[in-house]
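See below for the structure under consideration.
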Amino acid sequence: LPGGPWSLPEEEILKLPGYGKDKTKDIARAKQLLAEAGFPTGFDALIKTRQSQGYIDHAIFVIDQLKKIGINATLKPYESAQAYDIGNTGDYDLLTWTHGFALDDPDAVYNEFYLCNAPRNWSKLCSPQVDELFMKQSQELDAAKRKELMLQLEKTAVPLASKIITSWGMRRSANWSFVKGYTSHVSLYNNIRYDQ
């Protein structure tokens, strides 16, 4: 989570490929990488996603961004159960998705999304170095040392682009005026029963 207790400082994030403020430079580098991969004029791709307005809107944004580097993508939404099957089986060129997590902790997030055998590592990209750093930070009892390991982990994992993070969203809520001292949880999955 950007700005969370485990995240890289913004100045470090801005140094990662694709996360800088100079988007012209990022686009030029992406075109160069495509050319080096044998696609100097880009290619056509099909984006699959869930049949839900938020997912469709996100896919439309990604299609617009991909056009800037020569990738011509079209969109095909699927009913949610079928979309999950597509993600799990890897039956896609590109898949746009949103993820939420219940706990802002490296063990929860990386174990679900980024490790070689993570259940939602749908890209199947595997880095033994990411797995090794994950295990080290997970077993570290000293909080300061664990955070240092986590920062190394993030610097290693993010450039691999197993997931390209395009945005982060935050939950919003409204409270009755008589509610005092309520602190919402960082996750949209926890602490959402308002009866207490």
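The values are calculated or read from the model by the stated rules, or taken from the named source; none is laboratory data. Just so we're clear, the structure is a prediction, and the values are computed from it rather than from any experiment. Surface accessibility is based on the protein's heavy atoms, side chains included, excluding ligands, DNA and RNA. Shrake-Rupley method; radii C 1.70, N 1.55, O 1.52, S 1.80 Å.
Some observations on this one:
- Taken together, TYR84, TYR92 contain a single residue that is in a loop (DSSP other than H, G, I, E, B) and modelled with pLDDT of 90 or more, which is TYR92.
- Considering residues of region 13-48 that are among the acidic types (Asp, Glu) and open to solvent by 50 Å² or more (accessible area, probe 1.4 Å) only, the residue nearest to GLU154 (Cα to Cα): ASP22
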